[in-house]
Amino acid sequence: MTFSIKPIALAISSSLVFSSLLSISAFANNTFDSTANLDEIEVITITHQRHHLGIENNESYAQGKTTEPDLASWLKSVPGANVNSNGPVTGIAQYRGLYGDRISTTLDGQAVIGAGPNAMDTPLSYSTPLIVESMTVYRGIAPVSAGINTLGGAIDVKMRKAEANNSEKLVINGDLQAGVRSNNEAQTLSSVVNLTKGDIAGLFYGNVQEGENMESGDGKIISPTDFAKRQFGTDLRYFGESSETGFSYHYTDTQDSGTPALPMDIEYIYSHRASLDGNFTWADWQADWLLGYTDADHGMTNFEKRLNNNPEKHRRNNATGITTNFNFSLGKSFTFGELEFGFDGYLAKHDSVITNPNNSMFAVVNFNDVKDDRFGLFAQWQQTFNNTKVQLGARLKRAELDAGQVATSMAMMIMPMGSAMMDNMNSAMPTMADLAIDLRDNFNNSDHSVNDTNIDIALSTETQLSKDLSLYIGVGLKNRAPSYQELYLWTPMESTGGLADGNTYVGNMDLNSETAYQADVGFTYQTEKVMITPHFFYQNIDDYIQGTPLGMLDMSAKMMAQMMAGDDNPLKFTNVDAKLYGADVNGYYTINDQIQLSAVVSYVRGERRDINDNLYRIAPLNGQLSANYFSENWSVNMVLVMAAAQKDISLTNQEQTSAGYGVMNVDAQYYVNNQLTLRFGVDNLLNKEYQNHLGGYNRVKGSDVTFMDRLPEEGTSAWAEMTYSF
């Protein structure tokens, strides 16, 4: 058992909590007559905009299109948030420079664990936009109740549920939506139907999306970026006097979809996700519970959608993932505040086998019988003192991982090393079989059991300093246990959770949990016409998990990487020290009832503290400036999307710099009546040729884009969508 909360961590966190509580007391005693309402602490809601028109709840800067194939793209309108895009349906959420497993991403509170070891099936890919009610992003220090891994923040997607109206007659309503996009000839067709009678309701939905390859601003075909995705599901619900019980089922079928920033493309993803959930009142306590199950089967290849003229190097990876997850919470209001207690977690199992369809003898057991079980207990208190709202929580969490024996047919191969390597060695060189046997046996003879026990603490305060000005202060101590890829990747490969840096990696079963010390300070100034909310953040991360060059003890892995993949810079997951700091701001200015100007600007810097280097895949200074026009039936938006050049790159990862850019988008919405809404627009209006720093490198040979150049973004694309409600 490993306790990752160190004495210094406990001392620092206790000091932060104590000093913050002193500040709270000072603010609490400084009262004044104010009608300001302190709502939830630092929560941003992204709406789906089925029928949202006008300025509503200050959410005009955070909106998403319902015809987009990837929910992750919605995050680009949120301060501090961004997307690591490896393909049109493979977006990895990034928040303030952290991404992947460091961010808790849930669907209705259910943790969705992808089957693929390279994050082609990200959590947000398991939902379709039309059935999303909203997406919540916790700004600043995420509360401990938001999930098990909140070191990098938390995102929760609220799905549309079956709704009852207590009518004794059968009532049917729903939405029908269709959309098209010109650049890649994308099409979408979706429908949601809600049936209800009395206290029983059922929701049924279907969604079909597909598109061809995108074209860049200078006419290059970005191949493969075509996609095909189908999703179907239902939600059945019973409403009692003081309780609610529901059953949900969701099926995802992603077929033949490109991921040009990765070494393989999606052949298929079949996923069945089911859950039982509900709530009830017990002795004045409000209880919420969920029991979920996901079974996903994922196939990927390096030859079906991209050029590969060497049949001996054709590869197919079949990965499966089975997850059982659960959560239960109790909450009640007392005179001293609101209390919430909870227990949650998941049990996940992963397998991955790589084969060659042209050679029945070839097989590499990449991950075998990997068990990744995580549990958490949390307690959270919230109270309002005069003009200050306080939220304090602590979470005890446990990670238990194990893995089975691995195997490879390469252990039977007899193939001498290339002459280039032989020239660098003075002794007889091992064969491919020797290296494979060494790596396999070293792994199989090791103890695969890894257990970590960690503690998270989060304190957030929001104080109304005056009628128009409020102050947010947040501090936190957050931990993350290593992922199964970081622990058990036994032979050099790119199964790295979507890092997409072009390097092969090996795992490290001696990794410690990451420990982050976080601080966030923000102000909100809001009047009837103006709102601006700047935030400044800083965090030190001890034992940050990062790839570092292989040493002499990993010579077999280094030689294997050079021979198999031509990789002269193989990396090993290692604990290092890091820090991230920066600022983000959002706001608007209302000129009159029809015109509003809004902006979102984000900046983050990620650095190593142990050496002079930067962290990998950090978004540059970026933002959006919008001019919005509203009338009774119309809204028109002009948006300038901008990013600065990124020169603060990771030398360890051999990261490439990127240039800055500015892109103009225009869209409009026409509210025909209560049933029909039309939306249309043009993205990249001036057909700008540009590259997003988070877009990855081209891993596809023989395409219009040079191999290993940064992938370009889509050129001009007109789009239109229609929603009919009945």
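Structure data summary
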{"read-out": "For Ala619: the one exception among (1) out of contact with any helix residue (DSSP H, G or I) (no Cβ under 8 Å at 6 or more places or on another chain); (2) in contact (Cβ under 8 Å) with a residue 40 or more places away in the chain; (3) assigned to a loop (DSSP other than H, G, I, E, B)", "value": "(1)"}
{"read-out": "Any hit, region 609-617, residues being surrounded by 19 or more Cβ atoms within 10 Å (Cβ to Cβ), within 25 Å of Glu68 (Cβ to Cβ) and out of contact with any Leu (no Cβ under 8 Å at 6 or more places or on another chain)", "value": "no"}
{"read-out": "Index of the failed condition, Ile541 passing every other in (1) closer than 30 Å to Met410 by Cβ; (2) buried (at least 23 other Cβ atoms within 10 Å of the Cβ); (3) under 23 Å from the mean Cα position of the chain (by Cα)", "value": "(1)"}
{"read-out": "Selected residue [surrounded by fewer than 17 Cβ atoms within 10 Å (Cβ to Cβ) and in contact with a helix residue (DSSP H, G or I) (Cβ under 6 Å, 6 or more places away or on another chain)] from Ala458, Ala433", "value": "Ala433"}
{"read-out": "Residue within region 212-232 that is open to solvent by less than 40 Å² (accessible area, probe 1.4 Å) and farther than 30 Å from Asp683 by Cα present", "value": "no"}
{"read-out": "Any hit, region 659-682, residues being modelled with pLDDT of 95 or more, more than 28 Å from Thr66 (Cα to Cα) and assigned to a loop (DSSP other than H, G, I, E, B)", "value": "yes"}
{"read-out": "Any chance Thr355 is polar (S, T, N, Q) and either exposed (fewer than 15 other Cβ atoms within 10 Å of the Cβ) or within 25 Å of the chain's Cα centre (by Cα) (or both)", "value": "no"}
{"read-out": "Neighbours by Cβ (under 7 Å, 6+ apart or cross-chain): first from region 569-586, within 18 Å of Leu439 (Cβ to Cβ); second open to solvent by 10 Å² or more (accessible area, probe 1.4 Å) and basic (Lys, Arg)", "value": "Pro570/Lys558"}
{"read-out": "Complete set of residues in region 597-607 that are open to solvent by less than 20 Å² (accessible area, probe 1.4 Å) and not aliphatic (A, V, I, L, M)", "value": "Ser598, Ser602, Gly606"}
{"read-out": "Residue list for region 629-643, filter: in contact with a strand residue (DSSP E or B) (Cβ under 9 Å, 6 or more places away or on another chain) and either hydroxyl-bearing (Ser, Thr, Tyr) or open to solvent by less than 10 Å² (accessible area, probe 1.4 Å) (or both)", "value": "Tyr629, Ser635"}
{"read-out": "Hits in region 116-160 - residues which are in a strand (DSSP E or B), over 29 Å from Gly582 (Cα atoms) and open to solvent by less than 10 Å² (accessible area, probe 1.4 Å)", "value": "Val132"}
{"read-out": "Matching residues, region 544-574, being among the hydrophobic types (A, V, I, L, M, F, W, C), out of contact with any helix residue (DSSP H, G or I) (no Cβ under 8 Å at 6 or more places or on another chain) and crowded, with 20+ Cβ neighbours inside 10 Å", "value": "Ala561, Leu571"}
{"read-out": "Count - residues of region 471-504 that are under 18 Å from Ile618 (Cβ atoms) and either without any contact (Cβ under 8 Å) to a residue 12 or more places away in the chain or surrounded by fewer than 24 Cβ atoms within 10 Å (Cβ to Cβ) (or both)", "value": "4"}
{"read-out": "Test: Asp577 is open to solvent by 40 Å² or more (accessible area, probe 1.4 Å), in a strand (DSSP E or B) and under 30 Å from Lys76 (Cα atoms)", "value": "yes"}
{"read-out": "Residue list for region 705-726, filter: outside any loop (DSSP other than H, G, I, E, B) and of a type outside the set (A, V, I, L, M)", "value": "Arg710, Pro712, Glu714, Ser717, Trp719, Glu721, Thr723, Tyr724, Ser725"}
{"read-out": "Breaking point among (1) surrounded by fewer than 17 Cβ atoms within 10 Å (Cβ to Cβ); (2) over 30 Å from Gly715 (Cβ atoms), for Leu236", "value": "(1)"}
{"read-out": "Residue that is touching a residue at least 12 places away in the same chain (Cβ under 8 Å), open to solvent by 50 Å² or more (accessible area, probe 1.4 Å) and among the polar types (S, T, N, Q), where the choices are Gln669, Gln594, Gln646", "value": "Gln594"}
{"read-out": "Every residue from region 259-285 that is touching a residue at least 60 places away in the same chain (Cβ under 8 Å) and in a loop (DSSP other than H, G, I, E, B)", "value": "Thr259, Pro260, Ala261, Leu262, Pro263, Met264"}
{"read-out": "Qualifying positions in region 280-299 - open to solvent by less than 40 Å² (accessible area, probe 1.4 Å) and under 30 Å from Tyr484 (Cα atoms)", "value": "Leu290, Gly292, Thr294, Ala296, His298, Gly299"}
{"read-out": "Condition met for Pro311 (open to solvent by 40 Å² or more (accessible area, probe 1.4 Å), modelled with pLDDT of 95 or more and closer than 30 Å to Glu486 by Cβ)", "value": "no"}
{"read-out": "Positions within region 358-378 being surrounded by fewer than 16 Cβ atoms within 10 Å (Cβ to Cβ) and of a type in the set (S, T, N, Q), in sequence order", "value": "Asn358, Asn359, Ser360"}
{"read-out": "Residue in region 339-346 that is touching a Pro at 6+ places or on another chain (Cβ under 9 Å), open to solvent by 30 Å² or more (accessible area, probe 1.4 Å) and either at pLDDT 95 or above or closer than 24 Å to Thr225 by Cα (or both) present", "value": "no"}
{"read-out": "Filter result for Asn302 (open to solvent by less than 30 Å² (accessible area, probe 1.4 Å) and either without any contact (Cβ under 8 Å) to a residue 60 or more places away in the chain or more than 23 Å from Asn194 (Cβ to Cβ) (or both))", "value": "yes"}
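The values are calculated or read from the model by the stated rules, or taken from the named source; none is laboratory data. What you see is a predicted model, and the numbers here were worked out from it, not measured in a lab. Cβ coordinates were reconstructed from backbone atoms using ideal geometry, including for glycine residues, and neighbour counts include every protein chain displayed. Only protein heavy atoms, including side chains, enter the accessible area calculation; ligands, DNA and RNA are left aside. Shrake-Rupley method; radii C 1.70, N 1.55, O 1.52, S 1.80 Å.
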